[in-house]
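Input: a single structure, listed below in structure tokens.
Just so it is clear, none of the values below were taken in a lab; they were calculated from the coordinates. Every value quoted in this text rests on a predicted model; they were computed, and no experiment measured them. Note: ideal-geometry Cβ built from the backbone for every residue, glycine included; neighbour counts use all protein chains shown.
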Amino acid sequence: MTYEFLSRNAHVLTISAFPTGTEDIAASGIMDANMDMNLEDKTTAVEPEETATVSSETLISASESEDSAKDEGTMDITGSDQNGDPMDVEKETPSSTTTTTDEDDDTKDVIDQNRLISLLEQSKEGERRIEAEDILLFIGGTGAGKTTTTLYLAGAKFKEVEVRGVDHYEPYDLPNPDLAQFAVSEKATSITKTIHATKVELPDGRIVTICDTPGFGDTKGVEMEISNGLGIIRALQKTKSVKPVLVFDREGMGAARYTNLRKTLQTVVLMMGKQVDFSSFEYVFTRCTRKLSKKICKQLAGFQDDLRENPSDILGGDASEFEMLDALLSDMVAKTTPEAIFIEPDDEDEAPETLKRLWCSNEARIKDPRSAFNDFVSKESADKLKLQIGNMLRRLDKMLSGGDFEGFETTTQQLVSLSNTLSFSRTDEAVKQAREKGRNLVREKCDQIQALTERLVGTSDVDHFKELSQDLQEKLSTMSRLDSISELCEVSTDQRLDATIKAAPTKIFDGLLRGLTQLEEASAVEGWHNDLKSIVLRIDTTVGALQGYMPIDKLSPMYALSVQSVSSFVEHRLKSIQEKLEHPTSSALSECKGTLLSLRDLKFFFLKGSGSANVEAFRSDSWEWLGECLTGISVSLAGRYEGSIDKLAKHTLEEDCEKEGWEQALLALSNDEEVVESRLFHVEASSVPFFCKLVTNVMEKEGAKPGSQIVADFDEALTKALTNFAESADGWASQKQPASQKKRALQLLKVGQAAAKVCKDHRVSNVPSLEQIGEKLVGTMKVLKLFIEKCNSMPQRPDDLLYGPEELGKQWHAKLVELRAYKIKHGDCNVPQKPSSLGIWVMHQRLEAKKLQTGKKTSMTDKRREALADLDFEWTCKNSKKAKRDAATLETRFAELQEFKEANGHCNVPQRNARNKALGQWVHNTRKFYFNGKLSKEKIARLETIGFQWRAKK
């Protein structure tokens, strides 16, 4: 019998199982498995290799000539038991030389696929039991006693019975429920149909899994043979490690020049290839006694001597088999000396030691079962499989030509099932061909529908449109019958039933919606709302043309998608401005006003029902939401507009300039972003005609001052403040100033930068003359910077103080130097009063500074105050009792201010607050200290966290 090794690399290893007549046992080597066979031809036979196989006639004659085979040293191809007796094996005529010529037979099944799949599923169950386990694998011919050995080692008890005149060991008292799956026969026939496994405990407590396999080569039909060669091997490949144990019937081992031993070797070669390392193997003998077990090594050694002396008489000169057989005999001789491992079922007490000897006497294992074991199937079975595949492919062609799509699906599914259970290149290729046929069928129908769709899109004639629509309906009906074939044949989703039924009508509407796609890609195009109205009108016209020509249950969802596309487009535009105008700003309004005006135009279009002759979704009541949303946006904008006007109307710029000076007023204004935003918002709102008119009408009805007048008043005050400061700064900078005025120059530069920022911020609002003022400020700041650079380039005093002893007094200057040293060391000027005299001097300076501030007689001068301020002198000591009282007062007032804000929504406490006069006065003083620069940064930051405004609103 010849065997074909199956793998994804698709190579065949053909081995002559046994000599027949004058033919030899030989391993032919490797040849390409992709023989020149067209799977779709009616002639599927493969000519046998002259040097590597035997013809079907020879095979048949061999199975009928047992005596001749024994005399000539041959082996029955159909199988024999360990005594050389013929086995009960199903006779099958090989298909390798069969040529199909009958038209009725070219699609006939030659393999029972259901039985094959069932057997492979049983192998899967065995695979689950042994996956990732260390196993003891019994290999041997049918009738060698593998199952009996398994039961014996697992602890089963046996009794000797006579069946049909033959002594037979029958198991009973099974210690493990798993053992019920094992069956033994009184005949030398294969009872085990797939792999069976059971776990057994060794004497030392370790667990080993024993596996029993069916007799390879003695199968009940091609399905069983394929299951052995694939299912069982793949189960073994998933184990953790394997210790192979070859099982021999001692009485029949030497028959016909050790034919059974050579059969077992061939099984090993089939399973593992020619490069076998026997170091991990063990050997066990049945129907043997202890006395006979000591002679086995001599029997094997004698056969090995004969083999070496006359290899051609035994093997026919095949050097390849000689090397394998000689290596096996060498290993067997070594491992059966002085005594072979054997079993006697009626001596169950010896079972644990026998198991231990098999597993532990040799630590070698097959550590990589995945690469050690090879898939295989006999050539005869492979030929039948190829014939079956060819027949099924021809059956598919007949079904397609006859329109039998259901039959096509059933046969393709059968091929897929074969492919899923067999890693056979022919099967995989057949599935590819079947699926390609199915894809071509679906593609053809899909192309027909697409062509009709293009004609529908291109026609404007109503009668012609009706004819094409009816034709399209018929094509879609046919397509629906191919849905399951599409899935089975892995048709791409864009060519399946759902996609095709949606794509055809959708494409018609998509053709009408090309303009919408263009609008989405170029949303900034001016007048896009007019293009959108045109698209709506065309959709409505198309629906009117399609009604009555396509099923309404299919047409409605199709044009609903088109309608939804229009709605989504409008919603997207609306949402884009809703989010930005929820809290309107000048920049958001500038960005959104174009879309706002376009949406307003669309609102009137839909509310008039201009595009709803056929499409209900375009009727006015379906678009009332758009009008409501736009009204909400207008209300939000109106509120923001009124707020901006109110902000400008209440701004006290002119009053602040008179009260605090131009410099302080401009510094505060440069940080007042709300004023800038209010002025810019008015500019943007003024460019929206309908909105501006709406707000103006409301203000007139309320008798309020027009917004345009309020803005003009603010612009006038702003221009005046900037002009006065620019002239003042320019006048100071144009005069020659001493170096001691550096701080003044720095202050003017700071204010100038703030004023320049104000010019820049409000220049966007088109305030007149700000550009000229800004240019003047740029020139003034250049002069100030040059002056400051000149001061910086002058030699510094050794003590790096603002003034020297001649200006401050020698003793006072000395103390200042001492204070500077303290600051360098400690980081501040808060010197403790004790024990240092410097602390008393510091306290005295604070007191004198207060006298200077109140106009009392004092030793403090402006220069002395400036010199102290240059060291960041703190005029109030934080650690003093007063400072602590002030801190407590701050906490109290801050808490009261938070309560006031929670109750009123702002921090503008009236100075003469009836409920809390102290709080009102504290807020007033805090603002005053802020503008005089006497408020610490910490207090400023803390107050601003609760929204404190530095300018009181009237």
If Lys and Arg each add +1 and Asp and Glu each add -1, what is the summed charge of the other residues whose beta carbon sits under 12 Å from the beta carbon of Glu944? +2
Filter on Lys736/Lys825; Lys507/Lys533; Lys263/Lys295; Lys750/Lys939 - keep pairs with C-alpha separation over 28 Å: Lys736/Lys825
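Can you work out the FRET efficiency for the pair Leu786 and Arg846, with r the C-beta to C-beta distance and R0 = 25 Å, to the nearest 0.05?
0.10
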Inter-probe distance in nm under a simple model that places probes 7 Å from Cα toward Cβ, at Asn908 and Asn420: 7.9 nm
Using r as the Cβ-Cβ distance of Leu607 and Glu436, and R0 as 60 Å, what FRET efficiency do you calculate, to the nearest 0.05? 0.60
Ordering 855-868, 638-651 by per-residue average of other C-beta atoms within 10 angstrom, highest first, gives 638-651, 855-868
Hey, rough spin-label estimate for Ser836 and Glu628, points 7 angstrom out along Cα→Cβ, what's it come to in nanometres? 7.4 nm
Violating pairs (Cα-Cα greater than 25 angstrom) within the set Lys785/Lys815; Lys157/Lys238; Lys743/Lys937; Lys159/Lys243: Lys785/Lys815; Lys157/Lys238; Lys159/Lys243
Contour minus Cα-Cα span, Ala334 to Lys650, at 0.36 nm per residue, comes to 102.4 nm
Using 0.36 nm per residue of separation minus the Cα-Cα distance, give me the extension gain between Val635 and Lys108 in nm, one decimal. 181.5 nm
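Among 249-257, 939-947, how do they line up from the highest to the lowest mean number of other beta-carbon atoms within 10 Å?
Values: 249-257: 20.0, 939-947: 12.6.
Output ranking for 249-257, 939-947: 249-257, 939-947.
Within the set of other residues whose C-beta is less than 13 Å from the C-beta of Arg128, count the net charge using Lys and Arg as +1 and Asp and Glu as -1. Provide the component values of the computation, followed by the final result.
Working: positive: Lys124, Arg129, Arg234, Lys238; negative: Glu121, Glu125, Glu127, Glu131, Glu133, Asp178.
Here the charged neighbours net out to -2.
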Which entries in the list Lys647/Lys928; Lys124/Lys367; Lys199/Lys294; Lys650/Lys705 go over 18 Å, if you measure between the two C-alpha atoms of each? Lys647/Lys928; Lys124/Lys367; Lys199/Lys294
If you count, for each residue, the other Cβ atoms within 10 Å and average over each peptide, how do 448-457, 829-838 line up from highest to lowest? 448-457, 829-838
What is the gain in length, in nm to one decimal, between Glu673 and Arg128 on full extension, counting 0.36 nm per residue of separation less the C-alpha to C-alpha distance? 188.7 nm
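Go ahead and run the numbers for FRET between Asn310 and Lys274, Cβ-Cβ distance against an R0 of 30 Å, rounding to 0.05.
Efficiency at R0 = 30 Å is approximately 0.85.
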For Val166 paired with Glu406, estimate the spin-label separation in nm (one decimal), with each label point 7 Å from Cα along the Cα-to-Cβ line. 5.0 nm
How big is the gap, in Å, between the Cα center of segment 117-169 and the Cα center of segment 272-301? 19 Å
